[in-house]
Amino acid sequence: YGYGRAEDLAGVFVVLVVAASAVVAAYEAVGRLLHPTPVDHLPWVAVAGLVGFAGNEIVARYRLRTGRRIGSAALEADGYHARTDGFTSLAVVASAIGLAAGWRTADAVFSLLITVSILVVVRSSARDIYRRLMDAVDPDLVARAESVLAGTPGVQRVETVRLRWVGHALHAETDLVADTTLTLGAAHDIAEHARHRLLHQVRRLDSVTVHMNPCGHDGTDPHAVTAHHAQAPALTGQTPTDQRSEP
């Protein structure tokens, strides 16, 4: 699983780079406020800003669209970075217009606005990367997976469903309950049907681990051998956790 985290770490690096650009923009803006500097060739500055905005926005849309399609949080973060560069270019155009109108501090003021816009992007990208690193998955996907499993012939109950991102793909783990009188082969067939249904009906799902539990209607506890491990938290003074809860 660890190799799947490499791209998430790349996303963290992208967020740090964007945050650093916000610091630089703020530093330059404050310097310009304290020491205004004349800007020459304003028409060319405005043209360069428009070209920069158009180019960055095209790149940003392509990266965001591709990142969402393949499930890459890092590529999405890079797309937001490109969009931030585009807004920066647009602010340069507004700054050139303000300077042409005689507003001496326009360059500094718009630099501060650029800083604020960058920080907004940093917040959004950092939140997405953090959720990916913490194995956060859209609750609708979890509900969808549970519904698909529950509808599999032979499955009496869905005890747990867990999804996690591994690179661009999802991995699922589930505990299902079936009739205790089934043969090993029959229980395996039910597990395979459940796996097959999930792979077809849950997007970006790459692998599924299925554990089958007997229903225990004959009065026996199928987990008696490991029952004392489940009680371990209570012996150490910790609050026992519901074994069926989602991580």
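General observations
- Here Ile58 meets each of (1) among the β-branched types (Val, Ile, Thr); (2) open to solvent by 20 Å² or more (accessible area, probe 1.4 Å); (3) modelled with pLDDT under 85 with one exception, condition (3).
- Some residue of the range 7-29 being over 24 Å from Leu119 (Cα atoms) and either touching a helix residue (DSSP H, G or I) at 6+ places or on another chain (Cβ under 9 Å) or in a helix (DSSP H, G or I) (or both): no
- Pairs where the first residue, in the range 148-163, is under 12 Å from Ala191 (Cβ atoms) and the second is in a helix (DSSP H, G or I), C-beta under 6 Å, 6+ apart: Leu149/Ala194; Thr152/His193; Thr152/Ala194; Thr152/Arg197; Gly154/Ile190
- Flag if Val14 is surrounded by 14 or more Cβ atoms within 10 Å (Cβ to Cβ), over 13 Å from the mean Cα position of the chain (by Cα) and either at positive phi or not charged (D, E, K, R) (or both): yes
- Taking the listed residues Thr220, Thr183, the one that is open to solvent by 60 Å² or more (accessible area, probe 1.4 Å), at pLDDT 80 or above, more than 26 Å from Val137 (Cβ to Cβ) and of a type in the set (Ser, Thr, Tyr) is Thr183, with no other qualifying.
- Test: Val116 is closer than 30 Å to Leu34 by Cβ, part of a helix (DSSP H, G or I) and modelled with pLDDT of 85 or more: yes
- Residue within the range 31-49 that is farther than 19 Å from Ala126 by Cβ, open to solvent by less than 90 Å² (accessible area, probe 1.4 Å), of a type in the set (A, V, I, L, M, F, W, C) and not in a helix (DSSP H, G or I) present: yes
- Residue satisfying condition, being at pLDDT 80 or above, open to solvent by 40 Å² or more (accessible area, probe 1.4 Å) and farther than 21 Å from Tyr62 by Cβ, within set Ala100, Ala94: Ala100
- Checked against (1) free of Cβ contacts under 8 Å to residues at least 40 places away in the same chain; (2) open to solvent by 10 Å² or more (accessible area, probe 1.4 Å), Ala172 meets all criteria but (2).
The values are calculated or read from the model by the stated rules, or taken from the named source; none is laboratory data. These figures come from a predicted structure and were not determined experimentally. A quick note on method: Cβ atoms are made from the backbone with ideal geometry, for glycine too, and the neighbour counts reach across all protein chains shown. Each accessible area value is taken on the protein alone, full model and side chains, heavy atoms only, with ligands, DNA and RNA left out. Shrake-Rupley method; radii C 1.70, N 1.55, O 1.52, S 1.80 Å.
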